[in-house]
Amino acid sequence: MVRGLTSIFCSFIIENYFIKPINDKVGGACEVKMIKKPPLKYLTKQDSDKIIQLIKRIDTILSFDVTLNSNDIMSINKLGRLSLDFTECALMYAKEHPSLLPSYIGVNEFNDNLELMKEVTRITGFVNILSEKLRAISVIAGSEAYRAARVFYANAKVAGKDNEDTMDVILKNLEQRFIRKRKAKTQEAAVEA
């Protein structure tokens, strides 16, 4: 009876919560933090198509033909939080003393580039939040789908014992795919060791 209740409780926890191990600051003991799973809403193909069209529209608005490879990124000066104050101050003085800028750098271009960087950084913040949300939704939905597949596979194995003819093809196909995934994980673990 206790084992049955434990199984029911564990199933409830697994279905409704993410289990996240956390380290206790005192003594290095390990605790488990349960995070409530958010309910997933369904996304129709129409909704997905609308989102993709909006992203394409944004890409059209950002009609800059700019690509950088890793060497380019490493070789150019980058404006970060620490150098932003310096750059803003230099722009303020350049507006007062434009003759101190070389002829190939105009004050307007200087100002436009700084404003462009600020606006793109602002947009990037929202895009990063959206990207994290999409990643979380993908992980949760994938986890739920994979869990359902494993439950189906386990139930099919039980049903296959009773009626081998009906489930034989299904079980062989699923077994090959499930074993392939486990073998790949085993091989990865062996390489890491």
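Please treat every number below as a calculation from the coordinates, not as lab data. Computed from a predicted structure; not experimentally measured. Counting neighbours? That spans all protein chains shown, and the Cβs are built from the backbone with ideal geometry, glycine included.
Provide the net charge surrounding N111, with neighbours chosen by a C-beta distance below 12 Å and charges set as Lys +1, Arg +1, Asp -1, Glu -1. Walk me through the numbers before you get to the answer.
Details: positive: K95, K118; negative: E88, E109, D112, E115.
So the surrounding residues net to -2.
With a 10 Å Cβ neighbour count serving as the proxy for reagent exposure, in which order, fewest first, do Y146, Y104 appear?
Working: Y146 11, Y104 6.
Ordered from fewest to most neighbouring Cβ atoms within 10 Å, Y146, Y104 come out as Y104, Y146.
Determine the gain in length on full extension of the stretch D162-E96; use 0.36 nm per residue of separation and subtract their C-alpha separation, reporting nm with one decimal.
On the way: separation 66, 0.36 × 66 = 23.76 nm, distance 8.79 nm.
Once the chain is fully extended between D162 and E96, it gains 15.0 nm.
Say each of K118 and N69 gets a label point 7 Å from the Cα, pointing the same way as Cα to Cβ; how far apart are those two points in nm?
Between K118 and N69, the simple spin-label model gives 3.5 nm.
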